Amino acid sequence: MSDCIRLEYDVDGDNFSSAGHASESVKRTLKQMGVSAASVRRVAIAMYEGEINMVIHAHGGKAIAEIYPERIDITLQDSGPGIADIDLAMKAGYSTASENIRSLGFGAGMGLPNMKKYSDEMKIDSTVGVGTTVYLKIGF
Amino acid sequence: MNVREFAQKAGYAVFSEGEDREIESGYCGDFLSNIISRAPDSCAWLTVMNNVNVAAVATLIDCACIILCEGVAPDDALAARAKMQSVWLLGAKGNVYEEAKRVAALCGV
């Protein structure tokens with residue numbers, strides 16, 4: 001564990017303008033560490049989608065990044081409504097976002113599919129009424 | 001062609017400036033999740049979407065510039081964030097199709 005850098009962020013659920021701060025901060029850190037541009041982009045996208053999901057659906061949450069020399073582990077944890085049908089939520093184009101959210105450019109139903117696309121491993125633990133935790137592993 | 005020269009030749013409004021880099025391709029879209037997964041690096045991103053998340057997405061995809069089409073002017077939050085993040089934010093009068101043609105003609109992409 002000694003060679004792991006741990007970064008933790010509170011994602012503000014009522015503030016769209018702060019969404020993206022965690023992923024931008026991680027992106028900067030990885031760039032400084034000399035991680036390849038392609039890997040940095042994968043991490044930033046997966047993490048940004050996770051942040052946005054927490055803002056749209058769960059009134060915010062926590063984003064934790066643990067950076068190892070060869071990979072990053074990301075944990076996105078919220079106490080939102082939970083996901084009733086994870087297989088359905090993973091389908092590209094499926095979204096429960098409101099019209100208001102869509103008018104901001106979100107809600108295309110690509111959030112979770114994008115997170116999967118850019119990760120090497122993805123796991124979702126969700127309980128309706130309790131919350132959702134998404135675990136991502138991305139190798140460099 | 002670099003962004004500064006392109007903005008001048010195209011007669012675009014400049015709402016925010018960034019690094020003067022080359023426009024290597026283009027991408028049109030308003031759904032942010034599509035853009036972050038599909039827009040190529042160093043592209044000119046043409047959109048009519050006007051909110052603060054546009055600047056965050058532009059940073060993520062590392063585009064050369066954002067072109068707000070159809071005379072859209074950025075709201076205060078977007079303009080402020082674009083400046084803070086040193087992202088080129090340009091304004092064009094034509095629709096996305098017309099402006100994409102202009103990018104293609106001037107930049108050869």
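Bridges between two residues of the protein assembly as shown, per DSSP, are antiparallel at a rate of about 75%. Scalar couplings 3J(HN,Hα) for the range A:121-129, obtained by applying the Karplus form with A = 6.51, B = -1.76, C = 1.60 to θ = phi - 60°, are 9, 9, 9, 10, 10, 9, 10, 4, x Hz; x denotes Gly and Pro. Where in the range A:10-93 are there trypsin sites (Lys or Arg not before Pro) that are in a DSSP coil and have at most 16 other Cβ atoms within 10 angstrom of their Cβ? Answer in residue order: A:Lys91. Calculated mean residue ellipticity at 222 nm for chain A: -10000 deg cm²/dmol, from DSSP H runs with n ≥ 4 weighted as -39500 (n - 2.57), summed, divided by the residue count and rounded to 500.
For the range B:69-83, the residues whose amide N sits under 20 Å from a probe point set 7 Å from the Cα of A:Leu7 along the beta carbon direction are B:81-82. Entry note, chain B: relative contact order of 32 percent, from Cα contacts under 8 Å with a spacing of 6+ residues.
Here the convex hull built on the C-alpha positions of chain B has a volume of 75 cubic angstrom per residue.
In chain B, what % of DSSP beta bridges are antiparallel (nearest 5)?
Here the antiparallel bridges make up roughly 25 percent for chain B.
For chain B, the mean residue ellipticity at 222 nm estimated from helices alone is -11500 deg cm²/dmol, where every DSSP H run of n ≥ 4 contributes -39500 (n - 2.57) and the total is divided by all residues, rounded to the nearest 500. Just add up the charged neighbours of B:Asn53: K/R +1, D/E -1, any other residue whose Cβ is under 14 Å from the Cβ of B:Asn53. With Lys, Arg at +1 and Asp, Glu at -1, the neighbours total -4. With the simple spin-label model, which puts each label point 7 Å out from Cα in the Cβ direction, the B:Lys93 to B:Gln8 separation comes to 2.1 nm.
How would the range A:1-47 be classified by its alpha-carbon gyration tensor: rounded, prolate or oblate, with rounded meaning a/c under 1.5 and the a/b versus b/c comparison settling the rest?
In terms of gyration-tensor shape, oblate.
Hey, if you drop one equal point scatterer on each alpha-carbon of the protein assembly as shown and run the Debye formula without solvent, what base-10 log of I(q)/I(0) do you get at q = 0.09, 0.11, 0.15 Å⁻¹? Results for the protein assembly as shown at q = 0.09, 0.11, 0.15 Å⁻¹ read -0.39, -0.57, -1.02. Taking chain A as the reference, fit the longest principal axis to its C-alpha atoms, fit the long axis of helix A:37-58 to the helix C-alpha atoms, and give the angle between the two in degrees, 0 to 90, nearest 10. Around 30 degrees separate the two axes. Among the lysines of the protein assembly as shown, pairs that are 8 or more positions apart or on different chains and have alpha carbons within less than 16 Å of each other number 10.
Our coupling estimate for the range B:49-65, obtained by passing each phi through the Karplus curve with A = 6.51, B = -1.76, C = 1.60 and θ = phi - 60°, is 6, 10, 7, 4, 5, 4, 5, 5, 5, 4, 5, 4, 7, 6, 6, 6, 6 Hz, Gly and Pro reported as x. Think of chain B as having a plus end and a minus end, set by charges on the Cβ of Lys, Arg, Asp and Glu; of B:Ile36, B:Asn53, B:Ala100, B:Ala100 sits farthest toward the positive end of this dipole. Judged by the mean number of other Cβ atoms found within 10 Å, the most tightly packed of the peptides B:45-51, B:15-21, B:55-61 leads the ranking B:55-61, B:45-51, B:15-21. The local environment of B:Val72, defined by Cβ-Cβ distances under 13 Å, has a net charge of -3 under the rule Lys, Arg +1 and Asp, Glu -1.
Label zone of A:Ser103 (point 7 Å out along Cα→Cβ, amide N under 15 Å): in the range B:24-62 this covers B:49-52.
Just want to confirm a number: the relative contact order over the range A:2-99, from Cα pairs under 8 angstrom separated by 6+ residues, in percent.
Contact order relative to length: 32 percent.
Residue by residue along A:99-107, Cβ atoms of other protein chains within 10 Å of the local Cβ number 4 on average.
Just A:Asp87, A:Asp12, A:Asp125 to compare: in a GNM of chain A, with alpha carbon springs under 10 Å, which one fluctuates most? Looking only at A:Asp87, A:Asp12, A:Asp125, the biggest GNM fluctuation is shown by A:Asp87. Applying both filters, DSSP loop and at most 13 other Cβ atoms within 10 Å, to the GluC sites (Glu not before Pro) of the range A:66-140 gives A:Glu70. With an a/c value of 1.5 or above and a/b larger than b/c for the gyration tensor axes a ≥ b ≥ c computed over the alpha-carbon atoms, chain A is described as prolate. Ordering A:Ser36, A:Leu76, A:Gly50 by the projection of their Cα atoms onto the charge dipole of the range A:5-139, which places +1 on the Cβ of Lys and Arg and -1 on the Cβ of Asp and Glu, puts A:Ser36 at the extreme positive end.
Roughly speaking, what is the centre-to-centre gap between the range A:80-111 and the range A:1-73 when only Cα atoms are used, to the nearest Å? Computed from Cα coordinates, the inter-centre distance equals 20 Å.
Quick note: the coordinates plus some simple rules give every number you see, no bench work behind them. Everything numeric here is computed off the predicted structure, so don't read it as measured data. Positions of Cβ are backbone-derived with ideal geometry, glycine not excepted, and every protein chain shown enters the neighbour counts.
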